[in-house]
Amino acid sequence: MRICVVGTGYVGLVCGTCLADQGFHITCVDRDEDKIDRLKAGKIPIYEPGLEDIFRRAMRKQTLEFTTDGGTAIAEADVVYIAVGTPSADDGSADLRAVYTVADLIGTAMNGPTTVVIKSTVPVGTADAVRARIAERTSEVFDVVSNPEFLKEGAAVDDFTHPDRIVVGCASSESVKVMQTLYAGFVRTGRPIIFMDNRSAELTKYASNALLATKISFMNELARLCEAVGADVEAVRLGAGSDSRIGPRFLFAGAGFGGSCFPKDIRALRHLAAQAGVGLEIPAAVESVNESQKHLLADKILARFGSDLSGRTFGIWGLAFKPRTNDVREAPSLVVIRRLLQAGAAIQAYDPEAMSEARRVLTGESGAERITYVDAPLAAAAGADALILITEWSEFRNPDLAALREALREPVLFDGRNIYSPEGVAEAGLEYHGIGRKA
């Protein structure tokens, strides 16, 4: 079976590489010539743990190749994955132009029976629209399958190869057999492939992300309540999460969520509901809480040091929106940095993987010349008025608090992910500020 994957972002590259590692012949397509040239040269444009090993193995076995010639790759394929971006449009809807461009190309180029698999996150009804566009351009037999991805950045390879479940929306028994063949190597331990109709599969992705985001925002609201009434959100989290009906995951209070999925998908779900004449109040509240949560650390810093931060320097640990990725899209760190720069502060920032991306995004913005990107965690704290932990990378979890106290100009620590013991920080002579914690 020959497979074409159109799009070489996080989803397309992980999908294509993992399938190639299973012995399928994969051709990944992208219109970005420079990106394709770099991939052909073995240079992976994203940081994703575990991806490089299987990428190099597939390249050695010649089961993975890259091209800008989408027409030829589609014509030679039995299965075509659509894995292009669907960013938020100005009205919050998913921008489907790239999806439809690929659909039109498939209809023009396909040269025999083809299974078209939509891996991109798309609103309900997209499979129907893709099916109609392809049918306008070909007389070949084909089916359109909705197969939403559930890949967490920083754990995408493991999520693809060891999925909790695989959701497949399709309309024919032939497509069921194709998808069973594609994923047989990933469900041998009994994890289910759940077959359903296209529209239900499309909505399942949004439902899953919205539910997870709701847990996060609810705990962030509880953290604010904890601070107001003298409770500790970590104790509340452990108590509530021990209930098997609730579970312990996604209950960590912090500086808010970012990335390419949760914010975008919540906006798209709200837009979809509005178009259908259904008012969804909870997703709107989740989005509102998260946006205000991203400002919470900056609010705490300004409350502690005053509204004019001119002449002050702050160290920042963590720029990526989450650990184990170099992605800074909608990252809380950007909100904090911009607020501090606006107040006149200087920044010393360190992140194991995301400094280049952060520099690219922030360069040219007002005050960006006051950001220094340093090469070690302790260098971010050197001479700073406070240290701000924003992204909970593993290397930040057990710092030498005595050395940190010595490096800082003022012994103040803002823990934006509640990864430190307030008591332990205080014993080391540092002033502790967490999210919903009892100091």
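We did not get these values from a lab; they are worked out from the coordinates using the rules stated. What you are looking at is a predicted structure, and each value in this text was computed from that prediction instead of being measured. Backbone-built Cβ (ideal geometry, glycine too); neighbour counts: all protein chains shown.
For this structure, a couple of remarks:
- Trypsin sites (Lys or Arg not before Pro) within the range 181-218: DSSP coil, no more than 10 neighbouring Cβ in 10 Å: Arg188
- Placing +1 on the Cβ of every Lys and Arg and -1 on the Cβ of every Asp and Glu, with no other charges, gives the range 1-97 a dipole of roughly 440 debye about its Cα centre.
- Rounded to the nearest 20, the Cβ-based charge dipole of the range 290-354 about its Cα centre (Lys and Arg +1, Asp and Glu -1) stands at 120 debye.
- Sorting the segments 385-392, 294-301 by their mean number of nearby beta carbons within 10 angstrom, highest to lowest, gives 385-392, 294-301.
- Between Ala303 and Asp164, the contour length at 0.36 nm per residue exceeds the Cα-Cα span by 45.7 nm.
- Residue (of Asn398, Ala231, Ser356) at the positive-pole extreme of the chain, dipole from beta-carbon charges: Ala231
- Mean separation of Cα pairs under 8 Å and 6 or more residues apart, divided by the residue count, gives the range 159-260 a relative contact order of 24 percent.
- Compared with the dominant principal axis of the Cα atoms in the chain, helix 97-109 is inclined by about 20°.
- Per the Cα gyration tensor, the range 294-433 maps to an equivalent ellipsoid with semi-axes of 21, 17, 13 Å, ordered largest to smallest.
- GNM top mover of Ser120, Ser421, Ser242 - the chain, alpha-carbon springs below 10 Å: Ser242
- Radius ratio Rg over Rh of the range 1-137, counting only Cα atoms, Kirkwood formula for Rh: 0.97
- Stretching Arg199 away from Thr363 to a fully extended chain increases their span by 54.9 nm, per 0.36 nm per residue minus the current alpha-carbon distance.
- The chain, helix-only ellipticity at 222 nm - DSSP H runs n ≥ 4, -39,500 (n - 2.57), divided by all residues, nearest 500: -13000 deg cm²/dmol
- Rounded to 10°, Cα long-axis angle of helix 10-21 versus longest principal axis of the chain: 60
- For the range 161-184 versus the range 207-283, the gap between their alpha-carbon centres in whole angstrom: 30
- Cβ charges +1 (Lys, Arg) and -1 (Asp, Glu), total dipole of the range 2-195, debye: 560
- Checking the cross-link pairs Lys35/Lys322; Lys264/Lys322; Lys43/Lys205; Lys119/Lys215 against a 21 Å limit on the alpha carbon distance flags Lys35/Lys322; Lys43/Lys205; Lys119/Lys215 as lying beyond it.
- Convex hull of Cα atoms in the chain, direction-averaged projection (nm²): 22.2
- Whole-Å distance, taken between Cα centres, linking the range 100-140 and the range 34-59: 27
- Packing-based ranking, highest mean first, of 424-436, 335-347, 318-330 given that Cβ atoms within 10 Å are counted: 318-330, 335-347, 424-436
- Pairwise FRET efficiency - Glu281 versus Ala228, Cβ, R0 = 30 Å, nearest 0.05: 0.80
- Listed peptides 145-157, 58-70 by packing density, highest first (mean Cβ within 10 Å): 145-157, 58-70
- R0 of 30 Å, Cβ-Cβ distance Ser356-His295: FRET efficiency to nearest 0.05: 0.75
- Which of Leu182, Leu302 has the fewest Cβ neighbours within 10 Å, and the rest in rising order: Leu302, Leu182
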